[in-house]
Each structure stands twice: as structure tokens, then as C-alpha cells.
Amino acid sequence: MSDNNDHANGVPGGAVPVTQAAAGAGPGDILDTPMGDAAQAGGGGGQSIVFSTTLRTRDFFKISLINGLLNIVTLTLYRFWGKTEVRRRVWRSVRVNDEAFEYTGRGKELFFGFLLASVMLGVPFLAFVFAVQFLDEQFSLLLLPLYLFGFWLWGFGMFTAFRYMASRTTWRGIRFVLFGSAPTYGLMWMGMQIANGMTFGWIQPVFARLLAEQVWNHMRFGDRPFRWNQARSESVGLYGPFALGWFGTLGLIVLTIIGFVAVAATSGDVWSSFAHEMAQQAEASDPAKAAPVPMTVWVVLAFYGTLLLLLPFIALVWSPYDAAVLRSVTAGISLDDAQFDMKAGALSLWWLTCTNIVILVLSLGLLMPLIQARSAKYLVTRMRSTGTARLDEAHQAPPGPRTAEGLADAFGFSLI
Amino acid sequence: MQGRFYDGTDATSHAAEVRFDGTTLVIETAGQTHAWPATELAVDIDRDQARVSRRRSDARLVLATSEWRQLTAGQRQVRRHSAAGGGALVIGLVVAAVATGLLVFVGIPMASGPLARATPIDYEARMGENYNAQLSGIFPACEGEAGQAALQRLADQLADQTQSPFPIQARAVHAPMINAFALPGGHVLVTGDLIEAAETPDEVAGVLAHEIAHVERRHVMQGVWRSLGAGMLLDLVVGGGTGAGQQAVLLAGQASELSFGRAAETEADEHGRAYLHAAGMSSRGMGDFFERMAEEELDAPEQVDEVSEWWMTHPNTDRRIAAARAAEREGAPAMNDTDWQALRRACASDQAESAGQPWEIRIPGRRPPNDPMPGQPDEVGKDR
């Protein structure tokens, strides 16, 4: 299920979702656009849109280390400010027509949003789970609707996070704004989880577009609305790559099982001597505690070892689909007469995912900002636009929500 | 100096002439002049571009970085824009973190005793029923009715010496481990393996008395409150954070929980012994049982014992044996021979079943590897 969630967001291995990338940090190509002169071209008084970036991944080493250190001494309370600073640096490194985006969010907004969500949702939820223990057994039946509510809440939280980030993203001093209904998005998200379960994931490509449409049809730059173009989005096929990923995963599972059986069959001696050793240990020491340790550790190590070995292959079979979702969603976005395309290829995305995982694992999560910068750079450098948009005519949007995506953060959901 | 000015009302770019006299930044566009005080300015520099903003304003001024530097050379009033926060923020957060840490690791453990005592008896009883129902599925009761009755008689004798707010309901269960549990509300489970491992009824009585002490002292309820409080606060603080800091916090939380568990174990030993003495029974069985359990560990490397001592919520066995030996007293046997034989047979009929767990490797003629079943409700009452 979590795989599917990632695909729905277009988040390959923790990469920046395309919805957010284009909302907050418009993706594109490094082009040396002359200072001062936005690329004036095209008809209808509009401008063509050229993306460029000054992102240098190595610049994010220092901030990663500082954030990591401050997170440790503050029991991770610093994370809200650290995250904000990372966003600020990513945003300002992305330019449209040589004018940089700006992230205007504040750490304390995330912090207060988190506190609010914790008090309003986290505490009652934990208290309920706790209270069930005191009450009649029948009350545990209430947990099922509560988990369904959790799905809805997740979608709701994601949408409010998008809304917050859009409102804290400016270009030429003009804010982005996301209208639309977070409860509706939550319902769609919940529906997707249920439908995915019923179709073994095969409904996923449909929802990938539905969710993107829900965001982009309600997004504005100032007062200039983005539009979702379903036909253009559908020009990028999703079911072929999805089938590849689905059957590829099935194949990998079958191969793994065959591999295990083969190893067990050919190395029977190893197994029996292992079992014998275990039994000796059980005999030699207090069986209540010494014996299960090696077995448990062994099983856990084998599980994670196999998973780690499989991960690049799983990423490989899914990368055509992930890349197709990125291309399809980007193709569906338009602003005035400007349309967008993402030149994301399966292999390049696979490589990004694998290297990101290696960096994340080796740094124990410390280099997360670096990974976010790499992912943002990947997206921006592959972004293209055709046609024109009347950017100059955008008027200021109303201020966004005061507190932040605390709800999303409270549930461990983090975009960048 | 030349720059681009955006007035914050629309996205039109205005060519601007910019001056700075050290106190005020003056921006002149066609027909308009803006004066921004230096104290309200923030600048964000990325490579070749410097973007200047004024506090609480959507307007932006963009200049070439070199020109901005030239313009403000020698001036220190303009602050670099940053979300990272200053020293005051970090100090404040560290203080908040320390306060939270104290609350979680000191305050809640201290409050858990009074909280447990303040928990209404029928709440704990109901919670115990829920746990008991869940555990009955995992650890089915042994079939020997005569043995179960003997165990309950022993429990009744001991319970008579206590001020337990709950009736003690003891039962022998099938479980692949040498262990005994006290659940909330007075349920005490003793595993068939433990009964098999015991050489005398006095040893079973020692273990049972220890578990009954957990019930009387409401240790289980304390553990429930402690884990709820610590879990809630740690979730609040650590929440969606990732990385090493979070792991460190969680590990520290676990260590604190365990050290408190050891104090509860010592208390249960002492009270358990007192019940045995009050019932006129011998308390030698307690020391005997601990000693034999310790002997079985002797072949294990020393470090393993130290590590397990730390992680297993129990006091160091040597210390425990020494305490038991120092305080033990002679007394009547805990059971007559008929009852003892019945108890020994209570779980014997299907000892083989307990080896039927799918994750175990069963070697004929050997005891199955035992699993302490992590995540059981009674971390405090776990016994050897």
C-alpha cells in the first residue's frame, strides 16, 4: 500500500512530488537568461516560460549537518525551523525567466500548526485507543472507522500542506494560492486506499490523475488560474508502465521465494548445524531469554537484508511508472496558453532513487536536505514549457492560512 | 544602481534606480519613490541575484549581487534573510527539550504510582478482563483441573495475606517459555514450562507470591500509565521528525522504563516474601528457583548476562539471589504432595503443543527455544 501511496504522489523514493515541485519550485532547465529581461515572446501579450536553477547539491551538506546537530540537542524540536530553512534555500535556487522563487514560510508557523494538530487530534486519538482498554471489548470495533478516518485525515492533511506551501511561495512578490476543498481531497484519498485494496492497486493510475487534477484545477498564481488538461495528461499512458511494475514485482517475489527454497535445499547441512547450534545455546543458557535472541536477530537481518537487496530491483520495475506519472501530471498542467512537460526518464529516475536511498541509509537520515535538493534539481532541470502565459498581469492573492501543515507533520508526512 | 522593483500588488517588473545612505534604501521607479528604513530590510542572496524585502511588505527589489554589495559596503544594519532562527530560539528549544525530558523521564514515572492508586478499581478490573481475554487466545489454559485448583488454593492462601484490591485468579497456561505474568485486575498466569522447571512447590509459591505482589502494589497499572504518558509526550515532541535524534529519544525512553521496572521487581520480591512468611510457608523456594535459573545462564558469556540484565527489566540475578537468601525463612511446604503432583500434571498432557509454534525449531529430546513474546502487557511482571 505504501508503494502505491508513493506512486500517487509521484514521490519516487522520497523525491519531491511533482505537485509540490511545480507549485513551489517550478522545475526546468539551466539556461543563462539575461538579467532583467524576462523572456518576452509569444502571442497575446504573454510570456514564454523558461525554467532554470542554481541548485548545487554540495551546498546542502552544511545545512544538513547543522540541522542534524540542532535536532539532536533539541529532541528534534528544531525540525520545523530546519525544514523551513531548507525549503527557503531550494525555492530561491529555482528561477522562472531568471526570476527566483521565494519561500516565505516561518518555522514557528510549522511549529504551532504541529502543536495545534497534536492537541486537537493526536491526544484524543491516543486517549481513545487507551480508553478502549478500560472499556468493553465491543468498543474496539470503533477502531475500524477510526482507521478509515485516519485515511481521510491523511489526504486532508496533504491538501492543507499543499495549500500552506502554495501560500508561502512567491514569484515577483506575488503569492500562489490553492483554493479547493481539503475534505474532498481527503475523501478522494480515502477512496483511493479502499479502491486500491479492492483492485490490487490497478486503480492507482486513475487516482494519480484525479488527485493531481484536484490540486491543479484549484491552483492560482496570484489571480491567474492554472488549469488541468485531462486529455493532455492522458497523452502519457500509465497502464503499460503500471503493468510492468505490477508484474515485475510479482516476478521478483516469485524469484525471491524460489531463491530461498533453492538455498534451503542445497545447504541443508548448514541449516541443520544452525539448528543444532541454536539448540545447544538453548540448553546451555536460560532458555527463557538466551535462545530466542539469535533466532530473532537472524530472521530480522535476513528480512532486511533481502529487502535491501531487492530494493534496487523493485525501484527498477516501478521507475517507468513513476516517470510516467511525473510526465503525465506535468503534461496536464497549463497556465493561460502555456503548457508544461517533464522530460523524466525511467533510468534517470531509477538512478536518483537508488542513490538517494544509499545516501539516506549511510547517513542515517542526516543528509535528508541534500536528498531533497537532489530531487528538486532532478525535476527542475527536466521541466519545459511551450506557449505563453500572461505572468505580468497576475495580481496579488489574499494571504494564506496562518498556521501550517501541522496536521500533515504530526502524522509524519513530509514533502520536503 | 539599477534594479528591478516589484510593488507587491502585481507581477509587473519596474526598472528602478536605487540609492542607500546607510539608514534608508531609496527606490525610484517611473513616477514613484519608495523609502525603506535599513532596520526593516532583509536580503536574500543567491549567486548573482540579491533580493531585498521590507518587513511586512510583499514588495521586492532585485539587484545584481555585486551591485548590492557595492551599495551596502561597510553597512551592517541589513540582516541576511534566514529561517534558521538565532541563538535565542535554539536555547529556548533546548530548554523546552530538557523540560520535556524531565517530565517524561522523572515526572511521569514519579506520578505513575499515585495515578495507578487513583485509578478506580473497576477500571483496572475491566482492563484486566480485556487483556486476559486477549492472552487466553495466545496462551490457552492447561487442561488439568485438579492442578489448576491446587494452584488457585495456593494463590488464595497467599492473597489472604495481602491487601490486594482484586481477587487473585491464578491459572497455569501453555506458553513456550519459563515465565509468569501479572495482568491488571488480579489475573496471574504461570506457564507450564515454569511449573516443569520448578523442583518443589515452594519454588512455584515464590514466583506466585512475587506476581501477587505486583498485583497488590498495582505495578501493572503504573506501567500502563507510564507508557501512556511517556508515549504521548514523546509522540508530541518527536512526531514526524526523522533521523538520529528521534532514535536517541526513543531509546532513552526505553532505558528509563526498564530501570523503573527493576525497582518494581525488587519491591515485588520483598512483598512476596512477606506474604509467604505470613502464610507460614517457607521462602527458600524463591532463592532456590532464582539460583537454578542463574546456573542455567552460567555458560553464557558474561557480557550477555549484563546486557540481558539491563534489557530484561529484572534485577541482577546475583543480587536477587543474595537478597532472597538473606531474608529467607523456613516454613511449611507450600502444597501437599497430592496437590503438587496434580499441578505438575496440569500442563503435561500437551507440552508438545507448546512446541508447535511455527517459528520454532524443535530438536527431539530438547527443550524448545523460548520466546519471551515481546509486547506483552506486563513488562513489569515478567518473571524468570
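Quick check on the stretch B:1-48: of everything there that is of a type in the set (D, E, K, R) and within 13 Å of another protein chain (Cβ to nearest Cβ), which residue is nearest to A:Arg220 (Cα to Cα)? Looking at residues that are of a type in the set (D, E, K, R) and within 13 Å of another protein chain (Cβ to nearest Cβ), I get B:Asp10.
Look at the stretch B:1-15: where a residue is in contact (Cβ under 8 Å) with a residue 40 or more places away in the chain and more than 22 Å from B:Gln70 (Cβ to Cβ) and a partner is assigned to a strand (DSSP E or B) and not charged (D, E, K, R), sitting 6+ places away or on another chain with Cβ atoms under 9 Å, you get B:Asp7/B:His14; B:Asp7/B:Thr29; B:Asp7/B:Gln32; B:Asp7/B:His34; B:Gly8/A:Ile174; B:Thr9/A:Ile174; B:Thr9/A:His395. In the condition set (1) modelled with pLDDT under 90; (2) on the phi > 0 side of the Ramachandran plot, B:Arg47 is compliant with all but (1).
Quick check on the stretch A:190-204: of everything there that is crowded, with 18+ Cβ neighbours inside 10 Å and touching a residue at least 40 places away in the same chain (Cβ under 8 Å), which residue is farthest from A:Leu238 (Cα to Cα)?
So the first thing to find is which residues in the stretch A:190-204 are crowded, with 18+ Cβ neighbours inside 10 Å, and the list is A:190, A:192-193, A:196, A:201, A:203-204.
Next, from what is left, pick out any that are touching a residue at least 40 places away in the same chain (Cβ under 8 Å): A:190, A:192-193, A:196, A:201, A:204.
Working: A:Met190: 21, A:Met192: 16, A:Gln193: 18, A:Asn196: 16, A:Gly201: 13, A:Gln204: 9 Å.
By that ranking, first place goes to A:Met190.
Within this structure, A:Asp392 passes the test of being under 21 Å from A:Ala166 (Cα atoms), surrounded by fewer than 22 Cβ atoms within 10 Å (Cβ to Cβ) and at pLDDT below 95. Only one of the numbered conditions (1) surrounded by 16 or more Cβ atoms within 10 Å (Cβ to Cβ); (2) hydrophobic (A, V, I, L, M, F, W, C); (3) more than 30 Å from B:Ser227 (Cα to Cα) is not met by B:Ala15, and that is (1).
Yes/no matrix, rows are residues, columns are (1) surrounded by fewer than 15 Cβ atoms within 10 Å (Cβ to Cβ); (2) of a type in the set (Asp, Glu):
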site: B:Val90; (1), (2): no, no
site: B:Leu93; (1), (2): no, no
site: B:Thr100; (1), (2): no, no
site: B:Ser112; (1), (2): no, no
site: B:Ile121; (1), (2): yes, no
site: B:Glu129; (1), (2): no, yes
site: B:Leu135; (1), (2): no, no
site: B:Phe139; (1), (2): no, no
site: B:His174; (1), (2): no, no
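Of the helices (runs of 4 or more DSSP H) lying entirely inside the stretch A:300-411, the ones with 2 or more residues being away from chain B (no Cβ under 12 Å) and in contact (Cβ under 8 Å) with a residue 12 or more places away in the chain are found at A:346-362, A:368-380. Cβ-Cβ contacts under 8 Å between residues 6 or more apart (or on different chains), taken from a first residue in the stretch B:113-140 that is touching a residue at least 12 places away in the same chain (Cβ under 8 Å) and under 17 Å from B:Gly186 (Cβ atoms) to a second residue that is assigned to a loop (DSSP other than H, G, I, E, B) and of a type in the set (Phe, Trp, Tyr), are listed as B:Ile121/B:Phe166; B:Glu124/B:Phe166; B:Ala125/B:Phe166; B:Gly128/B:Phe166.
Checking the conditions here, which among B:Leu250, B:Leu236 is surrounded by fewer than 20 Cβ atoms within 10 Å (Cβ to Cβ), under 30 Å from B:Ala97 (Cβ atoms), at pLDDT below 65 and more than 10 Å from every other protein chain (Cβ to nearest Cβ)?
Among B:Leu250, B:Leu236, only B:Leu250 is surrounded by fewer than 20 Cβ atoms within 10 Å (Cβ to Cβ), under 30 Å from B:Ala97 (Cβ atoms), at pLDDT below 65 and more than 10 Å from every other protein chain (Cβ to nearest Cβ).
Checked against the criterion of being at pLDDT 70 or above, surrounded by fewer than 18 Cβ atoms within 10 Å (Cβ to Cβ) and within 19 Å of B:Asp156 (Cα to Cα), the stretch B:280-303 contains one or more residues that satisfy it.
Residues checked against (1) modelled with pLDDT of 95 or more; (2) under 16 Å from the mean Cα position of the chain (by Cα):
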| position | (1), (2) |
| --- | --- |
| A:Met342 | yes, no |
| A:Gly345 | yes, no |
| A:Leu360 | no, yes |
| A:Leu379 | yes, yes |
| A:Arg382 | yes, no |
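Which ranges mark the helices (runs of 4 or more DSSP H) fully within the stretch B:118-224 that have 2 or more residues being in contact with a Cys (Cβ under 7 Å, 6 or more places away or on another chain)? Once the helices (runs of 4 or more DSSP H) in the stretch B:118-224 are filtered for at least 2 residues that are in contact with a Cys (Cβ under 7 Å, 6 or more places away or on another chain), what remains is B:192-197.
Within the stretch A:214-244, restricting attention to residues that are assigned to a helix (DSSP H, G or I) and under 19 Å from A:Ser334 (Cβ atoms), which residue is nearest to the other protein chains (Cβ to nearest Cβ)?
From the stretch A:214-244, those assigned to a helix (DSSP H, G or I) are A:214-216, A:230-234, A:239-244; that's our starting set.
Now narrow it down to the ones that are under 19 Å from A:Ser334 (Cβ atoms): A:214-216, A:230-234.
On the way: A:Gln214: 23, A:Val215: 21, A:Trp216: 20, A:Gln230: 28, A:Ala231: 29, A:Arg232: 25, A:Ser233: 27, A:Glu234: 31 Å.
Per the criteria, the residue is A:Trp216.
Within the stretch A:71-87, the set of residues being part of a helix (DSSP H, G or I) and either surrounded by 24 or more Cβ atoms within 10 Å (Cβ to Cβ) or hydrophobic (A, V, I, L, M, F, W, C) (or both) comprises A:Asn71, A:Ile72, A:Val73, A:Arg79, A:Phe80, A:Trp81, A:Gly82, A:Lys83, A:Thr84, A:Val86, A:Arg87.
One residue stands out among those in the stretch B:133-151 that are within 14 Å of chain A (Cβ to nearest Cβ) and out of contact with any Pro (no Cβ under 9 Å at 6 or more places or on another chain): the one that is farthest from B:Ala175 (Cα to Cα), which is B:Ala133. Looking at A:Arg79, is it under 21 Å from B:Val95 (Cβ atoms), out of contact with any Lys or Arg (no Cβ under 6 Å at 6 or more places or on another chain) and charged (D, E, K, R)? Against the criterion (under 21 Å from B:Val95 (Cβ atoms), out of contact with any Lys or Arg (no Cβ under 6 Å at 6 or more places or on another chain) and charged (D, E, K, R)), A:Arg79 qualifies.
The values are calculated or read from the model by the stated rules, or taken from the named source; none is laboratory data. Remember, it's a predicted structure, so these values are computed and weren't measured experimentally. Virtual Cβ from ideal backbone geometry, glycine too; neighbours counted across all protein chains shown.
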